[in-house]
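Student: Below are the structure tokens for one structure; questions will follow.
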Amino acid sequence: MEILLGLIFGAVVGLAVHYALPHRDQRGALLAPLAGAAASGVSWTVLTWAGFGAGTPVPWIVAIVAPAVTTLILVPALTRARQRSDAALRGRRAA
């Protein structure tokens, strides 16, 4: 049941990253929260399998750090890819 809290933490961190980074109009509003929740869920599961229970602080800390790192890397990369794709499409339409 604690994994649900980890997923919520990940989604909230992803939502904060979405609004903190520029070019929000270039990506979907759910991209960062879903990526954060996925990162948090995967890391929580791996730590649970490794023997770290919800009574230790490790899964809680990782449930906040993992989505922050994941979304801060993934979201700008996907935004740049979207900008390149849009520029190429505009170039093809202008020709």
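Every read-out reported here was derived from the displayed coordinates using simple, explicitly stated rules and does not represent laboratory data. In this text the structure is predicted, and so the values were computed from the model without any measurement. Cβ coordinates were reconstructed from backbone atoms using ideal geometry, including for glycine residues, and neighbour counts include every protein chain displayed.
Student: Could you work out the relative contact order of the chain? I mean the mean sequence separation of Cα pairs under 8 Å and 6+ apart, divided by the number of residues, in percent.
Tutor: Rounded, it is 35 percent for the chain.
Student: What FRET efficiency, computed as 1/(1 + (r/R0)^6) with R0 = 41 Å and r the Cβ-Cβ distance, is obtained for Val58 and Ser85, rounded to the nearest 0.05?
Tutor: Calculated value: 0.55.
Student: With unit charges on the beta carbons (Lys and Arg positive, Asp and Glu negative) and the dipole taken about the Cα centre of the chain, which residue among Val75, Leu5, Ser43 sits farthest to the positive side?
Tutor: Val75
Student: Once you have the Cα-Cα distance between Ala16 and Leu30, take 0.36 nm times their residue separation minus that, and quote the gain in nm to one decimal.
Tutor: Extra length from Ala16 to Leu30 when fully extended: 3.9 nm.
Student: In addition: Can you grab the distance from the C-alpha centre of the range 54-95 to the C-alpha centre of the range 9-41, Å, no decimals?
Tutor: 8 Å
Student: What are the semi-axes of the equivalent ellipsoid of the chain, taken as the square roots of 5 times the eigenvalues of the Cα gyration tensor, listed largest first and rounded to whole Å?
Tutor: 34, 11, 9
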